[in-house]
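Take a look at the structure below.
The values are calculated or read from the model by the stated rules, or taken from the named source; none is laboratory data. All values derive from a computational prediction rather than experimental measurement. Backbone-built Cβ (ideal geometry, glycine too); neighbour counts: all protein chains shown. Heavy atoms of the whole protein, side chains included, go into the accessibility calculation; ligands, DNA and RNA do not. Shrake-Rupley method; radii C 1.70, N 1.55, O 1.52, S 1.80 Å.
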Amino acid sequence: MIKPLTSAILLALASFSTQAAEFVLTDAATGRDVGNWQVSSKSLGIDAATPFSIEKRRLHGGKQEGVDILVVNNGVMEITLVPTRGMGIYQVKSGDLRLGWDSPVKEIVNPAFIDLESRNGLGWLDGFNEMMVRCGYEWTGHPGVDENGQLLSLHGRVQNTPASSVKVIIDDQAPHRIRILGEVSERTFKKAELVTATELSVEPGSNRFELHDALTNRADYVDEYQIIYHSNFGTPILEAGAKFVTAASEISPFNDYARKGLHSWQTYLAPTKDFDEMVFNLKPKGDAEGNTLAVLHNQAGNAGVAVGYNIQQLPVLTLWKNTDTKQQGYVTGIEPGTSYAYNTKYQRPLGLVPKIQPGETKHFDLSYTLLRNADETTTALSQVAKLQGSDPVREVKQPQVDLSKK
Amino acid sequence: MIKPLTSAILLALASFSTQAAEFVLTDAATGRDVGNWQVSSKSLGIDAATPFSIEKRRLHGGKQEGVDILVVNNGVMEITLVPTRGMGIYQVKSGDLRLGWDSPVKEIVNPAFIDLESRNGLGWLDGFNEMMVRCGYEWTGHPGVDENGQLLSLHGRVQNTPASSVKVIIDDQAPHRIRILGEVSERTFKKAELVTATELSVEPGSNRFELHDALTNRADYVDEYQIIYHSNFGTPILEAGAKFVTAASEISPFNDYARKGLHSWQTYLAPTKDFDEMVFNLKPKGDAEGNTLAVLHNQAGNAGVAVGYNIQQLPVLTLWKNTDTKQQGYVTGIEPGTSYAYNTKYQRPLGLVPKIQPGETKHFDLSYTLLRNADETTTALSQVAKLQGSDPVREVKQPQVDLSKK
Amino acid sequence: MIKPLTSAILLALASFSTQAAEFVLTDAATGRDVGNWQVSSKSLGIDAATPFSIEKRRLHGGKQEGVDILVVNNGVMEITLVPTRGMGIYQVKSGDLRLGWDSPVKEIVNPAFIDLESRNGLGWLDGFNEMMVRCGYEWTGHPGVDENGQLLSLHGRVQNTPASSVKVIIDDQAPHRIRILGEVSERTFKKAELVTATELSVEPGSNRFELHDALTNRADYVDEYQIIYHSNFGTPILEAGAKFVTAASEISPFNDYARKGLHSWQTYLAPTKDFDEMVFNLKPKGDAEGNTLAVLHNQAGNAGVAVGYNIQQLPVLTLWKNTDTKQQGYVTGIEPGTSYAYNTKYQRPLGLVPKIQPGETKHFDLSYTLLRNADETTTALSQVAKLQGSDPVREVKQPQVDLSKK
């Protein structure tokens, strides 16, 4: 049963076919934005098994002045996207469970207030507080001067690029899948024409959502690209005795400091003064199609998250263990990527700076599943075990890059 | 016949004398802005031979969030100005004809999102897509560290400076000339007090508009200044066999790469992979008052543009041939200036970094004329021929600057 | 007598106890801002001896687009605060008297348009025009590369940080003290968690206002901090023959250029071409509680300002004499601080880069008193004389730092 739409909804309504309702919230091509906006299964007249709602809201105060957030509530999870920050995911809440973390950075920072090249390329840290940050696509990794003399700032520019367009599509038919489409453009004359069509897709009532990103090189010249899906989790999942489990052929420390944590890479400490961060480089294993899974769960094994991705798209995995104090940001990162977190110049010799041809599109598909109890956690772990097979993860003590060499 | 004004118009109406109606759209001195706004010959009750309209509109989406454009439709041309970007001209449309180009940069970028010093001073490229960009006035040219150790970013700061005030003035009397006044300030404590009163002037029904800019040094100290009027044209005028014709005493290549294109400097290639850009430095010739003309026309010679300027104000001309592929930005620049496109430190020895005394005002007057048919094109070319006289343009093979020297 | 509040006021009203009315104008934690807003003794139904009003207004035009100002009129003074610029004080007006100056920078610049690291760390100069600028708290002083290789830009970041929250509190009881609370956060992952609760406090009818700032290190690690309260005064107080009087044990020139002005440190020249700036470093003397006073008055001694602070909080004083031409910015700075204006690396050996422990709060209390006539001026001068006692200020010819050493 479809009820008449209210005028507020109609403002953004681009098309309402027999297949799906499509709402254009932002569109740089026409220069338009709907402003604060919301829609719900009820306002759409959808008699849904699980009621859902989507709300766009403009934030104010401090450095978040003018930032738009988009909150998708699918009845199970409340997912907060940030169109102004490259369609990043601020957090996901589901009852007591939460995907996300408590960064010292409290505001959702408008990129207008960020200078990525400040502090020798660490300006990105002024805004880092999301659950999922895209680090790319022109480059990724630690800041440093590249071979051509250009400073590559930490983790690229896409997360500090406001989305050029934002659309919401809701299927007419049950289960009324919700899709949030956001286009993020990295366009610089003579330097880059990398356009990413991001998609977050979720069904009402589900404990899982998916990302389907398509990066296209719109230039007539081949270009390098890099991407890390920097996925960050703190309390309540991360705690003393929390565990990280994934299928991999090999793990090695990012640098000398991480060597001492190599043997205990799967477990986590409580918030620990002076821990700083330990980073590990993994070579993940997938199934025949390349699909793989990484699981983080709490000490009791009854709450966690499973991150799915494809190693043909994202062949390496960075594990970031930042179990420093709570105030400092107690968090771990599960980071599938084309590349590790080294500066680009170190990754070319590793073969981890891929190229994208003119007009070519690269796809990145990820899923995030809330593990809400022991059953769901056990199921996810058994999937990982199956992917791992009988060979254990090989621990390599030597970092892949000698950072003492400039 | 003057009809009563509507309340929307009255909001901005500053004065309505027997000579002209003046509308203040933006005024930093009082902190005010009218927001979206429009006026037309009809709304003003003017029984014009050619109806006209002017509209101010705020853009949204991506990096153009908060950008104001001002669209002047004089019945023949639709001229889009960008107050937020230094009163630059985004494009001019007239039926099938268009002054402008298709940059890989699609949005009209808010300077809040631009870091001019990024990429070693190439941040300006993040927003470059206009038909007419003022490159100045503190400095112009390619990025580089100046003699005092300061990085001069590409083409100065004025184009990424929002206009402090915007006024529209419409003559009461026929032909009801429309003038758009925008003040753009480059003010930095102890560094610069360069204020430019820009003016775009156009008559309803005309195929020509003029710029009358007045740069004043408000400081008590002499200062250097530089300006290039970077005027850029792509399709439909630019095409294989399009031609550039101007009166000049001499042409030389900007660098070694441009040497090979010296003999064919007047003609254009189709979009050409790996062409990149060739730049030529011209010494233009003017009439007794210094007025000169540069013409670009299509292959058939029935569509083009004539750029008029004064060589006493703008003594040199840069010709920028960027006939690379369409995606890369197929465009040519006709760039009258005080200076060539070299970094400032290279131009001082050439005598192309002029000074402006305390309180002094420098004037820059340019005109842009649409050439809509063979007759108008032929007329413009004959004007150029007359300026050129019997002496041909001398082709000098040696670049004026040896860029291999640091 | 309390009259019913209007709806406009109620929008921001957070609580209205028997003690005080509190209005939340901006709050990043909830993402809210009231927009343009005002309140007055009349609208509050307060039958005040001196009527007062407070107005928040958003500015437009040029680089001040989106800047919020907050104007407090206590019946004697009109104090203009700038929440968007770190709760700085733009100016204070009281009849013909004014605290503030005429900077070449005319707009109240939105930090979104400022790149602090531009011009080798001088970007701060693009926005410098306030009467009171907080220079800190991560660092202060002249730009330069610190020992760890990071460029420290001029005078830190706090002034170019929009306030995260803004509150107005008005006491119910006479004298109905008005307090403006603004929180300004310097938060960067792994780098800083310095949060400053600023407070401006003023009574209706008073010629004096106070600052009570509380800087808290929210991190779990000890951090350095520095602060200078850069308080700037031009005409009408500053003029030829104006005088600066304060209690100090010692004064020394900042650099070699200031040596020649050492003997005349207490008096001012008329606007003087090529004067540039002379800076002096003072070691102030306080009373038993550390309270001290610095007085600037005009030639006639019947108009001025007294700046009170505490030398246990702010142990040193910079005197900035910028008596260059009017256009250049004719101004003097009275700058109590933890530190002088040297780059941080030079101040560590001087013991002027203090530390703040995890969770520790540092308090900074200052007062600004308008001296409106000879009596008030004489009273302030006698307070300084009492603090000075019989020992004169010792003049040390040698700068404390040898700037010729890198």
query = For the residue pair residue C:249 and residue A:151, what label-to-label distance in nm results when each label sits 7 Å from Cα along the Cα-to-beta-carbon direction?
reply = 4.1
Shape call, region A:258-351: gyration tensor on alpha carbons, a/c limit 1.5 = oblate
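Evaluate the Kirkwood expression for the hydrodynamic radius of region A:7-395, namely the inverse of the mean inverse distance over all pairs of different C-alpha atoms, and round to one decimal in Å. Walk me through the numbers on the way to the answer.
Numbers: mean 1/r = 0.0469 Å⁻¹.
Hydrodynamic radius (Kirkwood, Cα pairs) of region A:7-395 is 21.3 Å.
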Whole-percent carbon and sulfur share, accessible surface of region A:334-406, 1.4 Å = 51
request  = Return the sequence-ordered ³J(HN,Hα) values of region C:160-169 in whole Hz as given by the Karplus equation 6.51 cos²θ - 1.76 cosθ + 1.60 applied to θ = phi - 60°, using x for Gly and Pro.
outcome  = 9, 10, x, 5, 6, 8, 9, 10, 10, 10
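Quick check: net charge around residue C:163, other residues with Cβ under 9 Å of its Cβ, Lys/Arg +1 and Asp/Glu -1? Before the final figure, lay out the partial values.
Details: positive: C:85; negative: C:68, C:183.
The answer is -1.
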remark   = Carbon/sulfur accessible area of region B:214-260, % of total, 1.4 Å probe, equals 49
note = Asked for the total accessible area buried by A and B (1.4 Å probe, Å², nearest 100), one would answer 2800
message = Can you give me the distance in nm between label points at residue B:263 and residue A:312, each placed 7 Å from the Cα along the Cα-to-Cβ direction?
response = 5.3
note = Applying the gyration tensor rule to the Cα atoms of region B:109-266 (axes a ≥ b ≥ c; rounded if a/c under 1.5, else prolate if a/b exceeds b/c, else oblate), the class is oblate
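I need to check one value: relative contact order of region B:48-170, counting alpha carbon pairs closer than 8 Å and at least 6 residues apart, in percent. Intermediate results must be reported in sequence, preceding the final value.
Working: 256 pairs, mean separation 26.2, N = 123.
Relative contact order comes out at 21 percent.
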ask   = So which residues of region C:45-74 lose at least 20 Å² of accessible area, probe 1.4 Å, when you go from the chain by itself to every protein chain present?
value = C:57, C:58, C:60, C:61, C:62, C:63, C:64, C:65
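According to the Kirkwood expression over distinct Cα-Cα pairs, how big is the hydrodynamic radius of the protein assembly as shown, in Å?
Numbers: mean 1/r = 0.0306 Å⁻¹.
This gives a value of 32.7 Å.
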task = Could I have the simple spin-label model distance between residue A:398 and residue B:273, label points 7 Å from Cα toward Cβ, reported in nm to one decimal?
result = 4.1
remark   = Interface residues of region B:214-262, defined as losing at least 50 Å² of accessible area versus the chain alone with a 1.4 Å probe, are B:220, B:221
ask   = Nearest beta-carbon of B to the rotation axis carrying it onto A: which residue, how many whole Å?
value = B:112, 2
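Rounded to the nearest whole Å², what accessible area per residue is found for region C:104-197 with the 1.4 Å probe?
Working: 2270 Å² over 94 residues.
Spelled out: the 1.4 Å probe surface of region C:104-197, per residue, equals 24 Å².
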key: FRET efficiency, 1/(1 + (r/R0)^6) with R0 51 Å, evaluated for residue B:288 and residue A:29 via beta carbons   = 0.55
ask   = In region B:180-195, which residues become less accessible by 20 Å² or more once every protein chain is in place, relative to the chain on its own, using a 1.4 Å probe?
value = B:187, B:188, B:189, B:190, B:191, B:193
request  = Every other copy gets compared here: list the nm distances from the residue B:267 label point (7 Å along Cα to Cβ) to its counterparts, shortest first, one decimal.
outcome  = 7.9, 7.9
ask   = Expressed as a rounded percentage, what relative contact order does chain C have, with Cα pairs under 8 Å and six or more residues apart?
value = 15
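Take each of the peptides C:340-349, B:314-323, average the number of other beta-carbon atoms within 10 Å over its residues, and list them starting from the highest. List each step's numbers first, then the result.
On the way: C:340-349: 20.5, B:314-323: 22.4.
Descending mean neighbour count gives B:314-323, C:340-349.
Roughly how crowded by other chains is peptide A:156-169, in terms of the mean Cβ count from those chains within 10 Å of each of its Cβ atoms? Kindly include the intermediate steps, with their values, before the conclusion.
Values: counts 0, 2, 0, 0, 1, 3, 9, 3, 6, 2, 2, 0, 0, 0.
For this peptide, the per-residue mean of nearby foreign Cβ atoms is 2.
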note = For residue B:249, the residues 5 or more places away or on another chain with a placed amide H closer than 5 Å to its own amide H are B:283, B:285
task = Write down the accessible area per residue of region A:290-406 in Å², having rolled a 1.4 Å probe over the full set of protein chains.
result = 41
task = Measure nothing fancy, just the Cα-based angle from helix A:374-388's long axis to the longest principal axis of chain A, in degrees from 0 to 90, nearest 10.
result = 50
inquiry  = Ranking request for peptides C:113-123, C:327-337, C:355-365, C:38-48: highest mean number of other beta-carbon atoms within 10 Å first, then the rest in descending order.
reply    = C:327-337, C:113-123, C:38-48, C:355-365
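Where does chain C land at 222 nm, in deg cm²/dmol rounded to the nearest 500, when only DSSP H runs of n ≥ 4 count, each adding -39500 (n - 2.57), divided by all residues?
On the way: 6 runs with 35 residues, N = 406.
Helix contribution divided over all residues of chain C: -2000 deg cm²/dmol.
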